[in-house]
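The numbers here are math on the coordinates, done by the rules we state, and not lab data. Keep in mind that this is a model prediction, so the values were computed, not measured. For neighbour counting, all protein chains shown are included, and Cβ atoms are generated from backbone atoms with ideal geometry for every residue, glycine included.
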Amino acid sequence: MNLTGSLKTKVVIIGGGPAGLTAAIYAARALLEPIVIEGYFAGGQLTITTDVENYPGFAQPVQGPKLVSDMREQALRYGARFITQDVDSIDFSSRPFLLKTESSTIEAQSLIIATGAKAKMLGLDSETRLIGRGVSTCATCDGFFYKNKKVIVVGGGDAALEEASFLTRFADQVTIVHRRDTFRASKIMVSRAQANAKIKFAMDTVVEEILDRGQGVVSGIMLKNVKTGVQEERDCDGVFIAIGHEPNSKLFDGKLDLDPQGYIMTSAMDAKTSTAVEGVFACGDVQDPIYRQAVTAAASGCMAAIDAQHYLEYGSASSSSKRGPATESKSLLGSILGWLGKWRSPL
Ligand code: NDP
């Protein structure tokens, strides 16, 4: 059920992927009554992933949409509430923070941002149609499916060269397609790729079309040399797009500290997930240009919920400051009350 109207809560979580949902599970179990604003297109990048084989706890592959919908159900079970709308505005200067969606206004004592990132795409219709059917944006996730196959990696940055090297563990042949004649990637990555006999290069080349030849899965690619204009059709089983990622952080531009690529900068204050604004935490791919895995996003969601909980309880998210005298006297008081409760209770 979509929450509407004027609402108040201890924590609002923005984003319904693995980071946001894990934050919701932890926050709900800490009785913070989280409201998750999951967006109109909830679920994040897992919703466009088929078999997930690297999320711990699943001996058999789990479908991305199933994994994320189970996380959502788990959060619901412990009391998280959901708004399936986008955030229209956030007032970071008011206390509590004030958020607006199409049909709700929410006052929140703390915020957890888990809006994720999206892989940049080439913009071809065939690419959109064949995503999860041979088109992938994550070699770590999908490389295993290309044992003894031929794959193309598009891009000339560190990610493309790293993905290409990784894919040679499985594939027989990996061709890097790059639009220029020099790489953006670091020299060491380029040398490593050049020394790998399984890696071939198509420089000054762009992808014109990804082909399925009526089979519904990738079977080839149409390339064009930008200098000669010559087109070439090649057979391949997979196309990995590695032309960069874009964090979903536009809403926070000018309000939180972002790095030059737009990732939210964390560890600004007293905890790993804290941002430049006290009481605002960020987790998952919107603050992670490096690991970008479902499991690391989930783990950082857990951290953000714990940091938010400490902030709400102690006015600081730091684990060292929560061990201060106030905490110790609180826990001593808690033990005495607990002991008295037991003593009074017939059970
Ligand atoms: P980058 O922005 O560094 O590189 C993107 C690449 O994709 C560029 O070569 C660019 O071409 C190409 N590209 C962009 N748009 C298009 C397009 N529309 N069509 C064709 N090609 C396109 O992104 P990465 O994801 O590679 O890296 C992001 C950051 O992460 C970097 O700082 C990188 O160093 C870091 N990283 C580090 C790794 C490591 O140290 N092991 C591994 C992976 C990433 P052009 O060069 O012409 O602009």
All lysines inside 24 Å of K198 as judged from Cα atoms, apart from same-chain residues fewer than 8 positions distant: K147, K149, K150, K187, K224
12 Å beta-carbon shell around S186, net charge (K/R +1, D/E -1): +1
For the chain, Cys with no neighbouring Cys Cβ under 4.7 Å: C236, C283, C302
The chain: most fluctuating residue of L124, L312, L46 per GNM, C-alpha cutoff 10 Å: L124
Distant alpha-carbon pairs in segment 1-104 (separation over 17 angstrom), percent: 53
Dmax and Rg, reported as Rg then Dmax, of segment 90-247 (C-alpha, Å): 19.7, 61
Exposed chymotrypsin sites (Phe, Trp or Tyr not before Pro) absent - longest run of the chain, DSSP non-H/G/I/E/B, at most 13 other C-beta within 10 Å: 59-290
Span from the segment 269-306 Cα centroid across to the segment 80-124 one, whole angstrom: 15
The chain: calculated mean residue ellipticity at 222 nm from DSSP helix runs of at least 4, using -39500 (n - 2.57): -8500 deg cm²/dmol
Segment 184-251, Cα convex hull volume normalised per residue, Å³: 159
Mean-position separation - Cα centroids, segment 1-42 and segment 129-152, in angstrom: 33
Shape parameters for the chain, alpha-carbon atoms, Rg then Dmax in Å: 23.6, 88
Theoretical gain in end-to-end length, T140 to Q74 [0.36 nm per residue, Cα-Cα removed]: 21.1 nm
Spherically averaged projected area of segment 152-204 from its Cα convex hull (nm²): 2.9
Once exposed loop trypsin sites (Lys or Arg not before Pro) are cut out (DSSP; at most 13 other Cβ, 10 Å), longest piece of the chain: 1-146
